[in-house]
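The values are calculated or read from the model by the stated rules, or taken from the named source; none is laboratory data. Since the structure is predicted, the reported quantities are computational estimates derived from the model, not experimental observations. Please note: Cβ atoms are built from the backbone with ideal geometry, for glycine as well, and neighbour counts cover all protein chains shown. When the accessible area is computed, the model is the full protein with side chains, heavy atoms only, and any ligands, DNA or RNA have been set aside. Shrake-Rupley method; radii C 1.70, N 1.55, O 1.52, S 1.80 Å.
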Amino acid sequence: MTSRSHIRIIHTFITFILTVPCLLDIHVHCHFRRMPDNVTGKIGELAVMNCASNDTTRPCGNLFWTKHDPKTSQQIPISKQGQLSDLVSGYIAFMDSTNGNCNLNITIRASAEGTYECTDAAAEKSATAQLTVLEDDPECVVRTEEKVFNITCSVRFLGSWPPKMRWFQVNETHSLPTDAPDSIISGQIVRSTALLNRVNVSDGRGHEILGLRCSVNFSEDRRPDKTSATNVPDYEWTSPIFVRNEKESNEPSEERRADEKNPTVLVTTLAISVVTVAVAWLITLTVGIFKWRKLKKSQDEMIPDDRTARGSLVLATAE
């Protein structure tokens with residue numbers, strides 16, 4: 001038996017092994033040419049949910065879409081037989097609905113988060129994926145304490161897959177992860193705080209820690225149960241390096257930048273400026289009036305009264 005015959009036998013065996021799950025109808029992948037992936041994005045951005053049927057003769061093939069509403073625990077219809085539902089037409093459109101493709105373009109907004117389900121009506125098989133909404137990129141605030149810089153970063157999200165926040169110590173050559181934990185607040189905010197010493201500190205390997213850096217992404221260990229998609233949402237955010245002399249530099253800190261954008265702080269600052277100017281003007285006016293009255297009084301004492309002068313003249317004539 002030649003080596004080519006051996007290769008043919010091995011290929012046939014592998015093909016048989018891969019085909020068995022589909023023959024027994026135990027694997028959901030057998031009913032789709034393409035299944036949806038878990039996705040994420042910020043409000044206003046565009047997300048794509050792909051799904052493709054083995055039936056390429058009709059628009060969307062045998063596929064239809066629904067979305068699980070986390071607030072009502074109900075399934076919201078998205079599409080059926082290649083037609084979009086009026087309930088979602090304001091932010092969802094077909095990217096491609098030909099040749100068995102049933103791909104969705106989703107303009108991300110708060111209500112877009114949830115579990116999207118693509119179903120093959122003929123086989124009664126479904127594939128699910130998560131859309132996690134980020135309100136914006138993470139924000140960080142730096143506060144100066146007696147011995148450390150207190151750096152807190154947070155990100156707001158909507159969905160059942162929280163992002164993960166990690167900190168790294170940065171030195172001259174590399175960065176090392178820290179043990180600073182993150183916390184999930186009210187199921188909508190991920191927040192974490194790290195401390196940077198105000199004096200020089202070594203990382204234990206002879207390298208001076210120059211600063212801290214925050215990183216945000218999605219991780220496998222926070223995967224929700226209600227998704228058959230195997231991927232992790234593609235998102236990566238990295239902060240600037242927070243260095244030890246940030247508060248001593250001429251650049252405003254993140255805390256100061258945040259205050260400068262706060263309408264309440266702006267109004268308060270303007271009010272204080274107006275009051276300060278008004279008080280200074282009132283003091284100047286009061287001092288000016290006082291000096292004017294004092295000067296006028298001095299002049300009045302130096303000029304004799306006309307009646308006194310005439311009386312003195314008459315008396316001198318009579319004598």
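When the residues Leu158, Leu196 are ordered by accessible surface, computed with a 1.4 Å probe over the protein chains alone, the sequence from largest down reads Leu158, Leu196.
Assuming 0.36 nm per residue, please report the length gained on full extension of the stretch Thr57 to Lys42 beyond their Cα-Cα distance. Present the calculation step by step, with values, prior to reporting the outcome.
Working: separation 15, 0.36 × 15 = 5.40 nm, distance 3.55 nm.
The span from Thr57 to Lys42 would gain 1.8 nm if fully extended.
Rounded to the nearest 0.05, the FRET efficiency derived from the C-beta distance between Lys291 and Arg198 at R0 = 41 Å is 0.20. Heavy-atom surface analysis with a 1.4 Å probe gives the stretch 32-72 a carbon and sulfur content of 50 percent of its accessible area. As a calculated quantity, the FRET efficiency between Lys147 and Val277 at R0 = 45 Å, using C-beta atoms, amounts to about 0.70. In the context of the full set of protein chains, residues of the stretch 17-169 present 48 Å² of accessible surface per residue (probe radius 1.4 Å, heavy atoms only).
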